[in-house]
Amino acid sequence: MTAPLVRASTPQAGVALLELNRPEKRNALSNALLSEFAATLAEAERAGMRCIVLTGSEAFFSAGADISEMRTRGYEAINNPSRNADWAAIESFALPIVAAVRGICFGGGHELAMLSDIVIASDDARFGQPEIKLGIIPGDGATQRLTRLVGKPLAMKMILTGDPIDAAEALRAGLVAEVTPSARCLPRAIEIAAAIASRSGPALRLAKDAVLVAYETTLAEGLRTERRNIALAFTTDDQKEGMAAFFEKRPPIFTGR
C-alpha cells in the first residue's frame with residue numbers, strides 16, 4: 001500500500017495536523033502532493049476542524065517544487081490546470097493555518113509556507129527562493145507575496161541571489177511570528193492552533209478574511225470589509241454566547257453557529 005503524501009491527525013480538539021510526507025524527495029511539491037494536500041485541507045474543513053497545523057519533517061519543511069517533474073515536463077509541470085486549481089484552493093482556504101517550519105523551506109515549499117497565516121520557525125530553519133540558480137524565477141507566488149511580507153530590498157536579495165536567510169533574519173523581517181528550539185517548534189504550533197480552535201468558528205473565518213483583504217486592496221476598501229465582517233459576526237449565536245460568558249465570568253462554549 002502506498003504511503004500517503006500528506007499524513008493527517010488530530011492532536012487537539014478542533015486542530016488538524018497535516019504533515020508533508022515525501023521524505024525521499026525532501027517533501028518536494030510534486031503535482032500529486034499538492035493535489036493530496038488541497039484535498040486533505042477540504043476534508044479537515046468538512047470534519048469540523050477550526051485550525052490547521054502544517055509541517056514537514058525535522059530536517060526539511062519542503063525543498064521546493066519537484067525538479068524531476070520540471071525536467072520531464074518543462075513549464076507544464078508547474079503550470080497546468082490541476083496544479084493551478086490546487087494552489088487556488090490552498091490560497092482561498094477559509095480556516096486559519098499555522099505552519100511549523102523546521103530545517104529547509106525553499107522554493108515552492110517557502111511559497112506554501114507563505115500561504116499559512118502564522119509561521120512558527122525552528123532556530124535551524126532556513127528560508128529561500130533558489131530558483132534563479134536553475135535559470136528560472138519563482139512561479140508560485142514568491143515575487144509577489146515575499147515582497148509584500150518583507151519589502152522590496154530583502155525580497156530582491158533573496159530572489160536575485162537565490163541565497164537563503166536564517167530563522168533569526170526571517171523573524172526580524174516579519175516572515176515568521178516566532179522562533180523556537182527545533183524540538184519545541186511543532187508543539188508550539190499545536191499550542192497556538194489549539195488556542196485558535198477554541199474560538200468561534202465564524203469569527204475566525206471573518207477575521208482571517210478581513211486581514212487578508214489588507215494585502216489585496218486599499219485601506220478604505222479594507223475598512224469596509226472589516227465593518228461588513230463584524231456586522232456578520234454580530235448575527236451569530238457564538239457572538240451572543242461570547243458576550244454572555246464575559247458578563248457571567250465563565251469560559252464561552254462556542255458551537256460554530
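Residues are listed down the side, and each one gets a yes or a no for (1) of a type outside the set (Val, Ile, Thr); (2) under 27 Å from Ala42 (Cβ atoms); (3) outside the structural domain of Ala214 (by TED's automatic domain parsing):
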residue	(1), (2), (3)
Ala77	yes, yes, yes
Asn84	yes, yes, yes
Met114	yes, yes, yes
Ile136	no, no, yes
Thr143	no, no, yes
Thr147	no, no, yes
Met158	yes, no, yes
Leu171	yes, no, yes
Val176	no, yes, yes
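With respect to Leu5, is the statement that it is touching a Lys or Arg at 6+ places or on another chain (Cβ under 9 Å) and either of a type in the set (Lys, Arg) or more than 21 Å from Val119 (Cβ to Cβ) (or both) true? It is true that Leu5 is touching a Lys or Arg at 6+ places or on another chain (Cβ under 9 Å) and either of a type in the set (Lys, Arg) or more than 21 Å from Val119 (Cβ to Cβ) (or both). Residues that are under 14 Å from Ile67 (Cα atoms), in contact with a helix residue (DSSP H, G or I) (Cβ under 7 Å, 6 or more places away or on another chain) and surrounded by 20 or more Cβ atoms within 10 Å (Cβ to Cβ) within region 29-41 comprise just one, Leu29. On the stretch given as region 244-253, residues that are under 29 Å from the mean Cα position of the chain (by Cα) and surrounded by 10 or more Cβ atoms within 10 Å (Cβ to Cβ) total 2. Return the only residue of Glu221, Glu241 being surrounded by 15 or more Cβ atoms within 10 Å (Cβ to Cβ), over 22 Å from the mean Cα position of the chain (by Cα) and assigned to a helix (DSSP H, G or I). Every option except Glu241 fails the conditions.
Of these, Ala89, Ala99, which one is outside any loop (DSSP other than H, G, I, E, B), small (Gly, Ala, Ser), buried (at least 24 other Cβ atoms within 10 Å of the Cβ) and touching a residue at least 12 places away in the same chain (Cβ under 8 Å)? If you could, list the steps in order and put the result at the bottom.
Values: Ala89 fails: buried (at least 24 other Cβ atoms within 10 Å of the Cβ).
The unique qualifying residue is Ala99.
For Val176, state whether it is in contact (Cβ under 8 Å) with a residue 60 or more places away in the chain and either in contact with a Lys or Arg (Cβ under 8 Å, 6 or more places away or on another chain) or under 26 Å from Ala113 (Cβ atoms) (or both). The answer is yes for Val176. May I ask you to list the residues in region 1-16 that are touching a strand residue (DSSP E or B) at 6+ places or on another chain (Cβ under 6 Å) and not β-branched (Val, Ile, Thr)? Passing the criteria: Arg7, Ala8, Ser9, Pro11, Ala16. Against the definition (in contact with a strand residue (DSSP E or B) (Cβ under 9 Å, 6 or more places away or on another chain), within 28 Å of Ala168 (Cα to Cα) and either surrounded by fewer than 23 Cβ atoms within 10 Å (Cβ to Cβ) or modelled with pLDDT under 95 (or both)), how does Gly64 come out, yes or no? Yes: the conditions hold for Gly64. Scanning region 179-197 turns up no residue that is in contact with a Phe, Trp or Tyr (Cβ under 9 Å, 6 or more places away or on another chain) and in contact (Cβ under 8 Å) with a residue 12 or more places away in the chain.
The values are calculated or read from the model by the stated rules, or taken from the named source; none is laboratory data. Predicted model, so just to flag it, every value in this text is computed and none were measured. Here Cβ is always computed from backbone atoms with ideal geometry, including for glycine, and neighbour counts include all displayed protein chains.
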